[in-house]
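Since every read-out is calculated from the coordinates, none of them should be taken as a lab result. Bear in mind the structure is a predicted one, so any value in this text is a computation, not a measurement. So basically every Cβ, Gly included, is an ideal-geometry build from the backbone, and we count neighbours across all protein chains shown.
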Amino acid sequence: MNLHGVAAIYRFEMARTFRTLAESIIAPVLTTSLYFVVFGAAIGGRMGAVEGVSYGAFIVPGLVMLSLLTESVSNASFGIYLPKWSGTIYELLSAPVSTFEIVLGYVGAAATKSVILGVLILATARAFVPYEIEHPVWAVTFLLLTAVTFSLFGFIIGVWADSFQKLQVIPLMVVTPLTFLGGAFYSIDMLPAPWETIALFNPVVYLVSGVRWAFYGVADVDPMLSVLAIGVFLAVCLAGVAWIFRTGYKLKA
């Protein structure tokens, strides 16, 4: 493996993050802090416990997942779209690095940035609501799997997009609504029939439920179903990336 090539891509992407620190890190943390103020402190103080967990603490996993999903997709999609837009993608494709090494560099950097952001949001949440993590190993596992999977998904979007506007279509019109409707702020058990059943077709439900189980030991669906769901989506994304490089879709044309 060409570790120097992977490291070069990784360092370049991470350096871009720190050059735009306000937009990449500070803005998402401040935005999420507003959710904690409004939903956790203001509204949560007037609500009872949800499944034995205070409402302010109950929404912490959902807000972390909301940020993790959107940032993973945005970071990875912009990372690969920028060289396409500037024309430097051809230099990358002709460099002595394999497709696996290219994906490893871009996806690794995007996932790293998302995990850093997730950790910062967890630290910020501590200032607003008390919470405990019952299964820390599983929590880390879910966060890492989610960051990697949705960074791969973002990579696919970045290859597919042919304008900066298209980069925002999937995150704004698909990922964010699915996250809000995926139990980030409530338990799907609170939904009336038939919406509780319909919600089970939302893949984000399984991700949020899995992380919430890792935090508090409560879940809307079986934790093993959550692991299976993210495993299936990871496999689909890997297959999609493999197909892109095998066919040269929107890369070599």
Residue among ASP222, ASP189 that alone is loosely packed, with under 14 Cβ neighbours inside 10 Å, in contact with an Asp or Glu (Cβ under 8 Å, 6 or more places away or on another chain) and farther than 30 Å from TRP85 by Cα: ASP189
Residue among VAL218, VAL232, VAL236 that alone is closer than 30 Å to PRO136 by Cα and outside any helix (DSSP H, G or I): VAL218
In the stretch 164-209, the residues that are assigned to a helix (DSSP H, G or I), under 14 Å from the mean Cα position of the chain (by Cα) and touching a residue at least 60 places away in the same chain (Cβ under 8 Å): ILE170, PRO171, VAL175, THR176, THR179, PHE180, VAL204, LEU207, VAL208
Failed item in (1) out of contact with any Leu (no Cβ under 9 Å at 6 or more places or on another chain); (2) under 17 Å from SER209 (Cβ atoms), with ILE170 passing the rest: (2)
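Quickly run through the stretch 226-253 and pick out the residues that are of a type in the set (A, V, I, L, M, F, W, C) and surrounded by fewer than 15 Cβ atoms within 10 Å (Cβ to Cβ). Working first, answer last.
Taking the stretch 226-253 and keeping what is of a type in the set (A, V, I, L, M, F, W, C), we get 227-230, 232-239, 241-245, 251, 253.
Matches in the stretch 226-253: LEU228, VAL232, ALA235, VAL236, LEU238, ALA239, ALA242, TRP243, ALA253.
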Cβ pairs under 6 Å, 6+ apart, first in the stretch 1-26 and assigned to a helix (DSSP H, G or I), second β-branched (Val, Ile, Thr): GLY5/VAL97; SER24/THR17
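Which helices (runs of 4 or more DSSP H) does the stretch 58-157 wholly contain that include 3 or more residues that are out of contact with any strand residue (DSSP E or B) (no Cβ under 6 Å at 6 or more places or on another chain), hydroxyl-bearing (Ser, Thr, Tyr) and in contact (Cβ under 8 Å) with a residue 60 or more places away in the chain?
On the way: elements: 60-86, 89-94, 99-126.
Output list reads 60-86, 99-126.
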